[in-house]
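What follows is a set of notes on a single structure, which appears directly below.
Here, each number is a calculation from the coordinates, and none is a lab measurement. Everything numeric in this text was worked out from a predicted model, so none of it was measured. Quick reminder, even Gly has a Cβ in these numbers, built from the backbone with ideal geometry, and neighbours come from all protein chains shown.
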Amino acid sequence: MIVEGVNIARKHQRPTRATQQGGIIDRDMPLPVSNVALVCPSCGKPTRVGYKIDASGQKARVCKRCGGEIS
Ligand SMILES: [Zn+2]
């Protein structure tokens, strides 16, 4: 997943034939989901995310606090 503005890789890039652009380029990098404080839509509190397999075999994210499903 990508969290904007949290995990920025700042690349000092020289102009190349491909980009035609030099200077400093900010890139959002993928951040491990475990590092993100997620607010559960069910209980409205910051929570950790757990996983469960639902009836159709799909992996679902659930709130570890209240057990509510998080889409
Ligand atoms: Zn919850």
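Ranked by the mean number of other Cβ atoms within 10 Å of their residues, highest first, the peptides 44-52, 59-67, 22-30 fall in the order 59-67, 44-52, 22-30.
Stretching I53 away from H12 to a fully extended chain increases their span by 10.4 nm, per 0.36 nm per residue minus the current alpha-carbon distance.
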